[in-house]
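Chemist: My questions will all concern the structure given below.
The values are calculated or read from the model by the stated rules, or taken from the named source; none is laboratory data. Since the structure is predicted, the reported quantities are computational estimates derived from the model, not experimental observations. Reconstructed Cβ throughout: ideal geometry from the backbone, glycine too, with neighbour counts over all protein chains shown. These accessible areas exclude ligands, DNA and RNA; they are computed on the full protein's heavy atoms, side chains included. Shrake-Rupley method; radii C 1.70, N 1.55, O 1.52, S 1.80 Å.
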Amino acid sequence: MIKSNIDKATGFEKRFENINTVVFENSNEASKAVAKEIAVLIQAKQKENKPCILGLATGSSPKGLYAELVRLHKEEGLSFKNVISFNLDEYYPMEPNSINSYVRFMKELLFDHVDILPENAHVPDGLLSKEQIADYCHDYEAKIEALGGIDLQILGIGGNGHIGFNESGSLQNSKTRLVALDHITRVAASKDFFGLSNTPRTAITLGVKKIMEAKRVILLAWGEGKANVVKRSV
């Protein structure tokens, strides 16, 4: 449904489009539902002999989703050989084998447990020199575009409303880039880095434009801790 009314201050029509929002009994049931949708998409692409392009997220919200995808692979034979994935972001600088690396996160929760080809699993590189970042980010987007775009993008949402590491105020046409992390974001992550002083101040993130160009976007958010920001976002 699209609603509109007149902004009394400007005289211009304002349009509001309701975001499709589904509430589940718990995060486990929600994760299973999303995993099933992903599995159906992967298998449909397999029948067409086409790759399935997935945009993947890290953090606590997608953990149950990845566990269910692993189960579907091991118990129901779901193959990931036609999947090409692009992760949203990575802290910068960051060693790929660091305990807080998103490369390590994805390997431990998904990639090492399914049959996705290693060369098809893309996570932003946290070891680049500053001089390399602009070209790398351009190439990251070019790879997605060459494949026809992302078929399904998974998102979480930060307490301050960030998606990927696009902090509040990021432009809708923002591209993949190096960003400065908001203080709120760093405080939320600081427990994983054993203190704020050890928490990265910057990250590489897929831009809002490329995220929203995905053919389908599913944002996952669980519990009372995310209730307020989800309400405001919707």
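Chemist: When only DSSP loop residues count, what GluC sites (Glu not before Pro) in segment 35-135 have their Cβ near at most 11 other Cβ atoms within 10 Å?
Modeler: Here the sparse-neighbourhood loop sites are E48.
Chemist: Here is a follow-up. Which one of L128, Q153, T199 has its Cα pushed farthest toward the positive end of the charge dipole of segment 111-224, where Lys and Arg give +1 and Asp and Glu give -1 at the Cβ?
Modeler: Of the options given, the answer is T199.
Chemist: Please work out the FRET efficiency for the pair D139 and D112, using the Cβ-Cβ distance as r and a Förster radius of 30 Å; give the result to the nearest 0.05.
Modeler: It comes out at approximately 0.75.
Chemist: For segment 85-234, what does the accessible surface come to per residue with a 1.4 Å probe? Please give it in Å². Present the calculation step by step, with values, prior to reporting the outcome.
Modeler: Working: 7870 Å² over 150 residues.
Per residue, segment 85-234 has 52 Å² of solvent-accessible surface.
Chemist: Within segment 46-129, report the trypsin sites (Lys or Arg not before Pro) that DSSP leaves as loop and that have at most 16 other Cβ atoms within 10 Å.
Modeler: Details: sites: K47, K63, R71, K74, K81, R104, K107; in loops: K81.
Of the trypsin sites (Lys or Arg not before Pro), the ones in loops of segment 46-129 whose Cβ has at most 16 other Cβ atoms within 10 Å are K81.
Chemist: Continuing with the same structure: Please identify, among L65, L152, L171, the residue showing maximal mean-square fluctuation in a Gaussian network model of the chain using a 10 angstrom Cα cutoff.
Modeler: L171
Chemist: Stretched out fully, how many nm does the piece from V23 to R201 gain, at 0.36 nm a residue minus the Cα gap? Let's see the in-between values first.
Modeler: On the way: separation 178, 0.36 × 178 = 64.08 nm, distance 3.40 nm.
So the chain would gain 60.7 nm between V23 and R201.
Chemist: Can I ask one more? Please compute the contact order of segment 156-229 in relative form: average sequence separation of alpha-carbon pairs under 8 Å and at least six residues apart, divided by the residue count, as a percent. All intermediate terms of the calculation are to be shown ahead of the outcome.
Modeler: Details: 95 pairs, mean separation 30.4, N = 74.
Across segment 156-229, relative contact order equals 41 percent.
Chemist: What net charge do the residues around I84 carry, taking every other residue with its C-beta under 12 Å from that of I84, with Lys and Arg at +1 and Asp and Glu at -1?
Modeler: Details: positive: K45, K50, K81, K143; negative: E119, D151.
Neighbourhood net charge equals +2.
Chemist: Now a separate question. I'd like the Karplus ³J(HN,Hα) series for segment 147-153: coefficients 6.51, -1.76, 1.60, θ = phi - 60°, whole numbers in Hz, and an x wherever there's a Gly or Pro.
Modeler: 8, x, x, 7, 6, 8, 10
Chemist: How much length is gained if the chain between N173 and E131 is pulled fully straight, taking 0.36 nm per residue apart and subtracting their Cα-Cα distance, in nm to one decimal? Don't skip to the end; give the middle numbers.
Modeler: Numbers: separation 42, 0.36 × 42 = 15.12 nm, distance 2.28 nm.
The N173-E131 span can extend by a further 12.8 nm.
Chemist: Something else about it: Tell me which residues come under 5 Å, amide H to amide H, from Y92 once H is placed; ignore anything under 5 positions away on its chain.
Modeler: Here T202, A203, I204 satisfy the definition.
Chemist: Taking all protein chains in place and a 1.4 Å probe, what share, in percent, of the accessible surface of the chain do carbon and sulfur account for? Spell out each step's value before the answer.
Modeler: Details: 6980 of 13300 Å².
It is 52 percent, rounded to a whole number.
Chemist: Work from the charge dipole of the chain (Cβ charges, +1 for Lys and Arg, -1 for Asp and Glu, about the Cα centre) and give the residue of A57, A142, M212 farthest towards its positive end.
Modeler: Value computed over the given set: M212.
Chemist: Separate question: Let's see if you can work this out: charge +1 on each Lys and Arg Cβ, -1 on each Asp and Glu Cβ, no other charges. What is the dipole magnitude of segment 55-118 about its Cα centre, in debye to the nearest 20?
Modeler: On the way: 6 positive and 9 negative charges, 12 e Å.
My answer is approximately 60 debye.
Chemist: Another question about this same structure. Need one word for the chain: rounded, prolate or oblate. Basis is the Cα gyration tensor (sqrt eigenvalues a ≥ b ≥ c); a/c below 1.5 gives rounded, then a/b vs b/c decides. Mind showing how you got there, number by number?
Modeler: Numbers: a/c = 1.39, a/b = 1.13, b/c = 1.24.
Note, shape of the chain comes out rounded.
Chemist: Where in the chain is the longest stretch that carries no chymotrypsin sites (Phe, Trp or Tyr not before Pro) classed as loop by DSSP and with at most 12 other Cβ atoms within 10 Å? Write down the numbers at each step before the final one.
Modeler: Values: sites that count: F12, F194.
So the longest stretch without any such site is 13-193.
Chemist: Given V187, F165, V229, which one lies farthest toward the positive end of the charge dipole of segment 134-231, if we put +1 on the Cβ of every Lys and Arg and -1 on the Cβ of every Asp and Glu?
Modeler: The Cα lying farthest towards the positive end belongs to V229.
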